[in-house]
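Asks: Questions regarding the structure given below will be posed in turn.
The values are calculated or read from the model by the stated rules, or taken from the named source; none is laboratory data. Just so it is clear, the structure is predicted and the values come from calculations on it, not from any experiment. Heads up, the Cβs are rebuilt from the backbone with ideal geometry, glycines too, and the neighbour counts pull from every protein chain shown.
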Amino acid sequence: MLLFSAFAWLVLAAAPASAASAAEAEFSGFDANGDGKVTMSEVMGHIRPAIQKAFDAMDRNHDGVLSSDDFQDVSEGMQKFQQWLDGLLEPFSSSGDRDGTSQEF
């Protein structure tokens, strides 16, 4: 059975030009002023909308602050997601024990 990591390597090796162009496009998205360099300010400007969206999703009552209950909900959700992901990856277990987890990848 072909391991997921080997499969991913083969896919990436087959298309180096597209991977390079994807990296270039990603870099350009961060380089707000087009000077060929990315500053911390440009990074923060680029990721701020995603951070705000995540914060808003965690803030269940939309009061602009996160409570311990909000964090508990996120923690429980992440644990459920980890269990789902581990179950999804089980057939690709690298140890051959069919007990695949995301840590094996």
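Asks: Spot the failing condition for Gly45; the list is (1) small (Gly, Ala, Ser); (2) part of a helix (DSSP H, G or I); (3) at pLDDT 90 or above; (4) surrounded by fewer than 10 Cβ atoms within 10 Å (Cβ to Cβ), and only one is missed.
Replies: (4) is the only condition that Gly45 fails.
Asks: Here is a further query. Somewhere in region 59-72, is a residue aliphatic (A, V, I, L, M), part of a helix (DSSP H, G or I) and out of contact with any Lys or Arg (no Cβ under 8 Å at 6 or more places or on another chain)?
Replies: Just the residues of region 59-72 that are aliphatic (A, V, I, L, M), to begin with: 65-66.
Now restrict to residues that are part of a helix (DSSP H, G or I): none.
No, region 59-72 contains no residue that is aliphatic (A, V, I, L, M), part of a helix (DSSP H, G or I) and out of contact with any Lys or Arg (no Cβ under 8 Å at 6 or more places or on another chain).
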